[in-house]
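The values are calculated or read from the model by the stated rules, or taken from the named source; none is laboratory data. A quick note: this is a predicted structure, and the numbers were derived from the prediction, not measured. Virtual Cβ from ideal backbone geometry, glycine too; neighbours counted across all protein chains shown.
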Amino acid sequence: MNLSNIQLYHSFKSKKVIKVIAGIQNTNIYQIAQMAQAAKLANATYLDISANTKVVKFLKSFSSLPLCISSIDPIDIYNSILAGADLVEVGNYDTLYSRGIYINSVQLIELVKEIKYLIGSIDICVTIPYHLHLNEQIKLAKNLKNLGVNILQTEGVFINNISKNVAKLTNSLSSSLISTYFLSKYVDIPIITSSGINSLFASMAMQVGASGIGIGSVIKNNDNIINMTNSINEVKSSIYINSLSYIDFNQAAFDIDNNQYQRVVM
């Protein structure tokens with residue numbers, strides 16, 4: 001594991017990372033400040049925010065947690081690093097998906113090369129697009145490691161209004177967990193599992209190979225710092241407790257060639 005940020009290095013080494021996600025398009029300073037305070041009180045690992053220099057400077061004025069800025073715009077990323085951001089995430093492709101744009105491996109590699117050139121030795125996380133075939137996800141992850149990417153993140157299926165449909169939420173989460181499992185088997189880079197993670201599924205993510213989880217909506221659903229803090233603490237607690245219900249990939253069949261997962265009938 002190769003992370004230049006010592007604080008993050010120790011957290012990822014322990015494999016109990018909790019990333020609090022404010023949102024790539026969220027510039028609501030009041031809500032972001034609440035989430036930052038809750039993250040600090042709950043001893044979360046770091047904050048993930050929009051690549052907005054005003055937001056970065058605002059949080060740096062009172063928060064000691066490492067700040068990760070998320071974007072696919074190299075200039076916004078560069079300016080946010082100059083403003084004080086501690087690490088970069090290339091991801092949060094929802095804005096692309098909503099327009100019917102699906103980034104491919106070649107495009108992502110070229111984007112990461114450009115960003116690496118601009119930010120130098122700053123730690124960088126890259127989200128592996130969910131829509132890529134599993135074999136392609138693994139190949140991409142290996143190429144990203146060779147480029148010096150420090151962290152990978154998995155994502156679930158993009159579905160509008162996902163919170164209104166439990167079945168869709170489960171499918172999204174399963175997609176992220178499956179990617180986490182196979183990437184962790186083939187690539188030696190810390191992996192963050194995101195998309196629909198809450199206290200029920202946090203331990204599941206760790207069991208399939210994640211070094212940490214990303215949580216956002218489960219926190220935003222609260223309207224005050226105390227409840228936000230409690231939500232983070234619930235997720236933290238679940239990481240330390242083995243869930244009674246989890247995806248057991250050792251009792252399952254997964255056909256990588258066809259990107260298909262099925263339970264084995266025992």
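Can we say Tyr93 is among the aromatic types (Phe, Trp, Tyr) and surrounded by fewer than 17 Cβ atoms within 10 Å (Cβ to Cβ)? Quick ask: steps written out before the conclusion?
Details: among the aromatic types (Phe, Trp, Tyr): yes; surrounded by fewer than 17 Cβ atoms within 10 Å (Cβ to Cβ): no.
Judged against the criteria, Tyr93 is not a match.
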Inset, instruction - Out of the residues in the stretch 17-42 that are surrounded by fewer than 17 Cβ atoms within 10 Å (Cβ to Cβ) and either free of Cβ contacts under 8 Å to residues at least 12 places away in the same chain or under 16 Å from the mean Cα position of the chain (by Cα) (or both), state the one that is nearest to Leu152 (Cα to Cα). - result: Gln25
Legend entry - Sole residue being modelled with pLDDT of 95 or more and surrounded by 15 or more Cβ atoms within 10 Å (Cβ to Cβ), chosen from Phe12, Phe58: Phe58
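Might you let me know whether the stretch 174-185 holds any residue that is touching a Pro at 6+ places or on another chain (Cβ under 6 Å), at pLDDT 90 or above and of a type in the set (Gly, Ala, Ser)?
From the stretch 174-185, those touching a Pro at 6+ places or on another chain (Cβ under 6 Å) are none; that's our starting set.
Scanning the stretch 174-185, I find no residue that is touching a Pro at 6+ places or on another chain (Cβ under 6 Å), at pLDDT 90 or above and of a type in the set (Gly, Ala, Ser), so the answer is no.
Can you work out which of the residues in the stretch 220-257 that are modelled with pLDDT under 85 and of a type in the set (Val, Ile, Thr) is nearest to the chain's Cα centre (by Cα)? Lay out the reasoning, then the answer.
Restricting attention to the stretch 220-257, the residues satisfying the condition of being modelled with pLDDT under 85 are 238-257.
Cutting the leftovers down to of a type in the set (Val, Ile, Thr) gives us 239, 241, 247, 256.
Details: Ile239: 16, Ile241: 21, Ile247: 19, Ile256: 23 Å.
Selected residue: Ile239.
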Inset, instruction - Name the one entry in Ile115, Ile72 that is of a type in the set (A, V, I, L, M, F, W, C), buried (at least 18 other Cβ atoms within 10 Å of the Cβ), over 13 Å from Ala22 (Cα atoms) and touching a Pro at 6+ places or on another chain (Cβ under 9 Å). - result: Ile115
Legend entry - Per-region count, the stretch 88-101, residues within 18 Å of the chain's Cα centre (by Cα) and modelled with pLDDT under 95: 7
Inset, instruction - Can you confirm whether the stretch 195-217 contains a residue that is under 19 Å from Pro129 (Cβ atoms), out of contact with any Ser or Thr (no Cβ under 9 Å at 6 or more places or on another chain) and among the hydroxyl-bearing types (Ser, Thr, Tyr)? - result: no
